[in-house]
Structure formats: C-alpha cells, structure tokens
C-alpha cells in the first residue's frame, strides 16, 4: 500500500512538472509585447524592446524575492521571510515567476534562483509520496 502511494506521488510530481513546462512555454506569450512565436526557451531571441508594465512589475517582484534568497547554509536557496524570521515552506511557488523572468530577459540570475528554490523545496518540504508540506 505504501509503495503505491509513493508511485502515485512520483507520478503526480512528474505530471506537475510537465504541466509547469507547458505553461512556461506558452504562458510567456501573455507577457509578450509582440506576436513573435517562441521556439523553445531559452533560445527565443530576447526582445530589445522595453519591458511592458506587467513584465516590469514581475521583474520588481522577482528582484525582491532574490534579495531574500538565502545563500549558503542549511537553507541555501530558500526565501527568507523577514517578518516571520524563517524560510517559508511555500517558496517553491517562486519557481514559475523566476523562470518566466529568465524566459523574458535571458538573465541567468533568475534561472539560478529558480533552480536553487526548487532544490531547497525538494530538500526541506518534499514528502516520500511526492507532496510538499506547507510549513
């Protein structure tokens, strides 16, 4: 019984990752200022045009999260909450915005941040059945 729940959790995690990358592939179009079709990230030929209002807002939020990302130690990659004084377990939700900004700008800092926050989440809130706790 335990083995089937672990397999189910792994299957769900794979499905979530696949859906995530499909959304990343097509979701970036919502932020685009032009109707250019994106081939496959990251080789999309980043636009020289100024960022739209929404892209600028997303960049502001991502830069704010980057300022709170822990570098080093046991919480490396997590997003520290100054008001709560701990790393929030929901910081894995920042993977999509970080990768979207990487897709838009080509700036490697967003890709690195997404990878680090995902690794933190896997190490700290991932359960054997594939779920994540919400601490």
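The numbers here are math on the coordinates, done by the rules we state, and not lab data. Owing to the predicted nature of the structure, the values given are computational and were not obtained by experimental measurement. Note that each Cβ is placed from the backbone with ideal geometry, even for glycine, and that neighbours are counted across all protein chains shown.
Summary table
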item	result
Residue-span extension gain [residue 52 to residue 67] - 0.36 nm each, minus C-alpha spacing	3.2 nm
Sequence ranges 97-103, 83-89, 72-78, 115-121, ranked by mean other-Cβ count within 10 angstrom, highest first	97-103, 115-121, 72-78, 83-89
Likely footprinting exposure, 105, 133, fewest C-beta neighbours within 10 Å first	133, 105
Dimensions (Å) - region 57-128, Cα atoms, principal axes, largest first	32, 29, 19
